[in-house]
Amino acid sequence: MDVKQAADIIKNGGIVAFPTETVYGLGANALDREAVKKVFRAKGRPTDNPLIVHVASSQMLLNVVRSIPPQARGLIKRFWPGPLTIIFPASDEIPIETTGGLSTVAVRMPDNITALALITEAGVPIAAPSANKSGRPSPTSVEHVKEDFPDIPILSGKHSRHGMESTVIALDGKPRILRQGAISLKQLREVIPNITIAEQNPERPESPGMKYRHYAPDRPLILFSPEQLEHMKLYVKGKDVIILCKDRYAKEFTGQVIKLGSTDKEMAKSLYKALRTKREGEELVVLGTEKKGHGRTIMDRLERAATKSY
Ligand code: TXA
Ligand code: MG
């Protein structure tokens, strides 16, 4: 399928999967409530979990928001197009289906030529969650999208360069990160020195998606922090498990090992694919990473995916 065909689907109220630099998205016209409902139905997504609206120009941004907080300008200049999602007051153009009933809207401009071409060709902002069934690991390739949605048309493009979702931030009141993601706290602090990671009330988080189980593989996931390496070695001994760890730890284990790369960036990029492994094994046992830089986002995802953590 080419960009023109995918754009026609969007214009006609249909849904289509498309690549972004973070993960694949499942898109619909953000201004069309019936189209947006199709996305929720296909994913099995709770209706109170709002979608991110993807734009390709500042004109499109101006159409979907009521106002732009002053601090947003510097962030947009630095990080767009890119994996930063900013919460704005929503304009009247945006139906409540897209915002999950909130008066705000989450917007980002993706850094992927296919995605930008699709939005431009469709001529409307595209609402898109990650193109996975609700609760499953996000897709970083066409194959992953097909696993979850065999019948949905896919516009293919480059593999997702980051492999982690965008960072979601709010700027009303105290600047804060609602969902950690591909842009690290450190990078954001270069523009907004006082930004923090929001304290989330687990029952009523500001970012509604954060209350649901996420990124879960098809079998139990047991997570060990790097300090627990010795404990993990004992835990996996003689068990039928698949081990996920950075390259340098692979030699510590016998049995099935999936290597996740040598840096946190590489680990972020390869993690979701590894969580979707088809290999035989009763559990996935993961050696995590330090909670700094991109390691924070990785550990956030792993803790949400884990059945048990040590
Ligand atoms: O990288 C990404 O962000 C990918 C690609 C496709 O762009 N999309 C993605 O969407 O991860 P999704 O639906 O899986 O996650 C959207 C997150 C959820 O945690 C949701 O609750 C939050 O953004 N969100 C959306 N609108 C919001 C709003 N108005 N206020 C607070 N949080 C919001
Ligand atoms: Mg998602």
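The values are calculated or read from the model by the stated rules, or taken from the named source; none is laboratory data. Everything quoted here is computed from the prediction, not taken from an experiment. A quick note on method: Cβ atoms are made from the backbone with ideal geometry, for glycine too, and the neighbour counts reach across all protein chains shown.
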(request) Determine, yes or no, whether Ala306 is over 22 Å from Ile169 (Cβ atoms), of a type in the set (Gly, Ala, Ser) and crowded, with 18+ Cβ neighbours inside 10 Å. (result) yes
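Every residue, every condition in (1) in contact with a Gly (Cβ under 6 Å, 6 or more places away or on another chain); (2) among the aliphatic types (A, V, I, L, M); (3) outside the structural domain of Val16 (by TED's automatic domain parsing); (4) near ligand 1 (Cβ under 9 Å from one of its atoms), yes or no:
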| site | (1), (2), (3), (4) |
| --- | --- |
| Thr85 | no, no, no, yes |
| Pro95 | no, no, no, no |
| Thr99 | no, no, no, yes |
| Arg108 | no, no, no, yes |
| Leu116 | no, yes, no, no |
| Glu121 | no, no, no, no |
(request) Please work out if Val257 is at pLDDT 95 or above, surrounded by fewer than 22 Cβ atoms within 10 Å (Cβ to Cβ) and of a type in the set (A, V, I, L, M, F, W, C). (result) yes
(message) Looking at Ser166, Ser184, Ser160, Ser207, can you tell me which residue is away from ligand 2 (no atom under 16 Å from the Cβ) and surrounded by 18 or more Cβ atoms within 10 Å (Cβ to Cβ)?
(response) Ser184
(request) Kindly indicate whether Pro150 is away from ligand 1 (no atom under 11 Å from the Cβ), assigned to a loop (DSSP other than H, G, I, E, B) and of a type outside the set (A, V, I, L, M, F, W, C). (result) yes
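Table: residues versus (1) under 21 Å from Ala182 (Cα atoms); (2) among the hydrophobic types (A, V, I, L, M, F, W, C); (3) in the same structural domain as Arg136 (by TED's automatic domain parsing); (4) within 22 Å of the chain's Cα centre (by Cα).
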residue: Glu230; (1), (2), (3), (4): no, no, no, no
residue: Leu234; (1), (2), (3), (4): no, yes, no, no
residue: Cys245; (1), (2), (3), (4): yes, yes, no, yes
residue: Lys251; (1), (2), (3), (4): no, no, no, no
residue: Val257; (1), (2), (3), (4): no, yes, no, no
residue: Thr263; (1), (2), (3), (4): yes, no, no, yes
residue: Lys269; (1), (2), (3), (4): yes, no, no, yes
residue: Met299; (1), (2), (3), (4): yes, yes, no, yes
residue: Leu302; (1), (2), (3), (4): yes, yes, no, yes
(request) Filter region 210-264 for residues that are in a helix (DSSP H, G or I) and within 23 Å of Thr297 (Cβ to Cβ) and give the result. (result) Met210, Lys211, Pro226, Glu227, Gln228, Leu229, Met232, Asp247, Arg248, Tyr249, Ala250, Asp264
(message) Out of Arg213, Arg179, I need the residue that is of a type in the set (Lys, Arg) and either surrounded by 17 or more Cβ atoms within 10 Å (Cβ to Cβ) or away from ligand 1 (no atom under 13 Å from the Cβ) (or both). Which one?
(response) Arg179
